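The block underneath contains the structure these notes are about, expressed in structure tokens.
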Amino acid sequence: SPSEEDLDTVCEAVRRIKAEIPIRVCVSLGLLDEAKARRLKEAGVDRFNHNLETSERFFSEVCSTHTWRDRLETLRIAKTRGLRAPVIYNTNAYETVAQLRRFEGLVEIYLPDLKYASDAMAWELSRCRDYTARARAAIQEMYRQVGHLTVGPDGLATRGLLVRLLVLPGGLAGI
């Protein structure tokens, strides 16, 4: 989370930049509360970058300074304050439908890796039980939330589902 002094510096820089050049400004500043998000929007910030690096289940192994829920709340605050915060959720597709429903209305692009077509290989290589059924249900839920991949006039994806297939050597994935 930016200190008040750092936030003052960022807001002043954004005002100066936007006064000289008509561009959209995106910042990546960590956790935000309502007041900081409001200040950024008032200064002219258009977009806010904030990554969800992994699922809640593994987040504490990746980050020790804050929680996954803190990250999710920051995204909600940014969007509520009018900051565009595109959310691309890069996942291994081994999520429950209940976990994914917490993202409804927040994630714009789901980017799951479909790793296995064989539960036996999923267990042997990743110690995942019922991978194929869980991944199938997860991908169906992702699709229900965001639909087909939509690409804007600039060629950039704006919303939807994009499934990546992981190809393992020797046909190990079972695909």
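Give me the accessible area per residue for the chain, probe 1.4 Å, as a whole number in Å². List each step's numbers first, then the result.
Values: 10140 Å² over 175 residues.
Roughly 58 Å² per residue, with all protein chains present.
Taking H as built 1.01 Å from N, whose amide H comes closer than 5 Å to the amide H of Leu149, not counting residues under 5 places away?
The answer is Leu161.
Gap in Å between the Cα centre of segment 47-81 and the Cα centre of segment 92-117?
Result: 15 Å between the Cα centres.
With all protein chains present, how much of the accessible area of segment 29-145 (probe radius 1.4 Å) comes from carbon and sulfur, to the nearest whole percent?
Values: 2780 of 5940 Å².
Roughly 47 percent, rounded to a whole number.
Per-residue ellipticity at 222 nm for the chain, helices alone: DSSP H runs ≥ 4 residues times -39500 (n - 2.57), over residue total, nearest 500 deg cm²/dmol? Walk me through the numbers before you get to the answer.
Values: 7 runs with 76 residues, N = 175.
Taken over the chain, the calculation gives -13000 deg cm²/dmol.
Give me log10 I(q)/I(0) at q = 0.15, 0.21, 0.23, 0.24 Å⁻¹ for segment 69-153, Debye formula, one equal scatterer per alpha-carbon, no solvent.
-0.62, -0.99, -1.10, -1.15
As a test, work out the antiparallel percent of DSSP beta bridges whose residues both lie in the chain, rounded to the nearest 5. Each step should come with its number before you reach the end.
Working: 2 of 14 bridges.
Of the beta bridges lying entirely in the chain, close to 15 percent run antiparallel.
Evaluate Rg over Rh across segment 30-79, taking Cα atoms for both radii and Kirkwood's formula for Rh. Intermediate values should be presented prior to the final figure.
On the way: Rg = 11.9 Å, Rh = 11.6 Å.
A ratio of 1.03.
Amide H to amide H under 5 Å from Val27: which residues, 5+ apart in sequence or cross-chain, H placed 1.01 Å off N in plane?
Under 5 Å from the amide H of Val27 lie the amide H atoms of Arg47, Phe48, Asn49, each far enough along the sequence or on another chain.
Over the alpha carbons of the chain, what is the largest minus smallest coordinate on each principal axis, giving the biggest first in Å?
So the three principal-axis extents are 58, 39, 28 Å.
What lysines does Lys41 reach when the alpha-carbon gap must be under 18 Å and sequence neighbours fewer than 8 apart in one chain are set aside?
Filter leaves Lys18, Lys79.
Roughly how big is segment 85-124's charge dipole about its Cα centre, with Cβ charges of +1 (Lys, Arg) and -1 (Asp, Glu), in debye to the nearest 20? Let's see the in-between values first.
Numbers: 3 positive and 6 negative charges, 26 e Å.
The calculation lands at about 120 debye.
The values are calculated or read from the model by the stated rules, or taken from the named source; none is laboratory data. It should be emphasised that the depicted structure is a prediction, and the values quoted were computed from it without experimental measurement. Neighbour counts are summed over all protein chains in view; Cβ atoms, including those assigned to glycine, are modelled from backbone coordinates with ideal geometry. For the accessible areas, the whole protein counts, side chains as well, though only heavy atoms, and no ligand, DNA or RNA atoms are used. Shrake-Rupley method; radii C 1.70, N 1.55, O 1.52, S 1.80 Å.
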